[in-house]
Amino acid sequence: MSNQPKVLYTAEATVTGGREGHARTSDDRLDVDLDVPTEMGGAGGPGTNPEQLFAAGYAACFQSALLRVASERKLDVSGSRITARVGIGPVESGGFGLSVALDLDAPQLDRDKAGDLMTRAHEICPYSRATRGNIDVTLAVDGSIIERNAA
């Protein structure tokens with residue numbers, strides 16, 4: 001059994017100028033300037049950065065997985081939010097690495113059910129599958145850590 005997907009959609013983006021450049025998708029739906037944050041020695045200009053784009057994509061994908069699991073279990077998660085925090089910094093072996101924290105805000109769920117949903121969503125989310133074993137991912141409910149997966 002292969003873990004390779006039968007591709008239904010392919011996103012295509014082109015960047016010029018690296019972290020201090022410009023990014024555009026082939027369909028022009030995303031067209032953004034890029035800037036390096038001051039914390040990384042950049043000018044901190046008005047553009048976005050790869051970590052913000054990754055955080056938005058991961059949060060959207062993860063919440064979709066969570067909504068699917070909740071629907072299967074007939075749980076109401078309307079009004080819920082996933083906040084993704086993507087960190088970047090130097091690693092001991094050289095270069096830079098990423099870390100991710102995913103935090104669920106779903107006031108209508110008790111902590112145990114919310115934690116179970118987060119764990120199950122992490123198992124099926126394509127972004128989680130892609131990053132598993134490569135970066136540290138922390139799962140939280142209302143800011144309280146429920147699971148930490150080290151790379």
message: Given the criterion farther than 30 Å from Val7 by Cβ, part of a strand (DSSP E or B) and over 13 Å from the mean Cα position of the chain (by Cα), identify the matching residue among Gly79, Gly94, Gly45, Gly89.
response: Gly89
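Can you say whether Pro50 is modelled with pLDDT of 95 or more and closer than 17 Å to Ile135 by Cβ, as far as the supplied structure shows? Please lay out each step first, then the result.
On the way: modelled with pLDDT of 95 or more: yes; closer than 17 Å to Ile135 by Cβ: yes.
When the stated conditions are applied, Pro50 passes them.
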field: Extreme residue, nearest to the chain's Cα centre (by Cα), among residues of the stretch 111-151 that are closer than 16 Å to Arg73 by Cβ and open to solvent by 80 Å² or more (accessible area, probe 1.4 Å)
entry: Glu123
Identity of the residue in the stretch 48-75, open to solvent by 20 Å² or more (accessible area, probe 1.4 Å) and hydroxyl-bearing (Ser, Thr, Tyr), that ends up nearest to the chain's Cα centre (by Cα): Ser64
message: Could you tell me how many of the residues in the stretch 122-139 are out of contact with any His (no Cβ under 9 Å at 6 or more places or on another chain) and not in a helix (DSSP H, G or I)?
response: 6
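Filter the stretch 1-42 for residues that are assigned to a loop (DSSP other than H, G, I, E, B) and among the hydroxyl-bearing types (Ser, Thr, Tyr); which is farthest from Pro126 (Cα to Cα)? Don't jump to the end; show me each part of the working.
Within the stretch 1-42, the first condition is being assigned to a loop (DSSP other than H, G, I, E, B), and the residues that meet it are 1-12, 17, 21, 26-30, 35-37, 41-42.
Checking the rest, the ones that are also among the hydroxyl-bearing types (Ser, Thr, Tyr) come to 2, 9-10, 26.
Values: Ser2: 15, Tyr9: 13, Thr10: 14, Ser26: 22 Å.
Only one residue fits best here, namely Ser26.
The values are calculated or read from the model by the stated rules, or taken from the named source; none is laboratory data. Note that the structure is predicted; figures quoted are calculated from it, not measured. FYI the Cβ positions are ideal-geometry reconstructions off the backbone, even for glycines, and counts take in every protein chain you see. In case anyone asks, the SASA skips ligands and DNA or RNA and just uses the protein heavy atoms, side chains included. Shrake-Rupley method; radii C 1.70, N 1.55, O 1.52, S 1.80 Å.
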